[in-house]
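Before any comments, here is the structure.
Derivation of every value follows stated rules applied to the coordinates shown; laboratory data play no part. As the structure is a computational prediction, the values presented were derived from the model and not from experiment. Positions of Cβ are backbone-derived with ideal geometry, glycine not excepted, and every protein chain shown enters the neighbour counts.
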Amino acid sequence: MNVLIVDDSKFMRTILRAALTNMGFLDIYEATNGWEAIRKTYMVSPDIIFMNFVMPEMDGLESSRQILENFNDTKIVFVTSNEYSEVRQKIQEIKIYDFLTLPIEEEKLKRIMMEFEEVLESM
């Protein structure tokens, strides 16, 4: 399973990578903004993307919209420090798999990944 972490914060990418690696996921790629996320998606065809909502150059909403136009099987999990309801209002028009709020709760991350693996196995 290919995983893409998109965040302008190296610290946040490192935390997510470490948590996912500890769960046994090894094919993890990184991008630092929305433009790079789109390019990396074409390169590695991630199964799941952990996308920061607020980033410079292109935010997570716009890059998710563009990614899902061409990779509609890719699942996107927004990672945000914003209030869930505020973010939800802004992204109602696109299909997001789940949300992960900061600070990251490893139990919720595990649940997301386990559910996603079950979806992949049933396909």
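Here is how the numbers come out for the structure above:
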quantity: Dimensions in Å of the chain - Rg and Dmax from alpha carbons; calculated: 13.1, 37
quantity: Helix-only mean residue ellipticity at 222 nm for the chain, each DSSP H run of n ≥ 4 adding -39500 (n - 2.57), per residue, nearest 500; calculated: -15000 deg cm²/dmol
quantity: Gaussian network model of the chain, springs between alpha carbon atoms under 10 Å - residue of 42, 97, 29 with greatest fluctuation; calculated: 42
quantity: Debye, to nearest 20: dipole size of segment 3-122, +1 on Lys, Arg Cβ, -1 on Asp, Glu Cβ; calculated: 160 debye
quantity: Residue-span extension gain [residue 114 to residue 102] - 0.36 nm each, minus C-alpha spacing; calculated: 2.4 nm
quantity: Separation of the residue 27 and residue 44 label points, Cα + 7 Å toward Cβ, nm; calculated: 1.0 nm
quantity: Candidates 33, 22, 52, ranked by Gaussian network fluctuation over the chain, Cα under 10 Å, top entry; calculated: 22
quantity: Contour excess over end-to-end distance, with Cα ends at residue 62 and residue 35 and 0.36 nm allotted per residue; calculated: 8.8 nm
quantity: Rounded Å value of the spacing that divides the Cα centres of segment 1-17 and segment 28-43; calculated: 11 Å
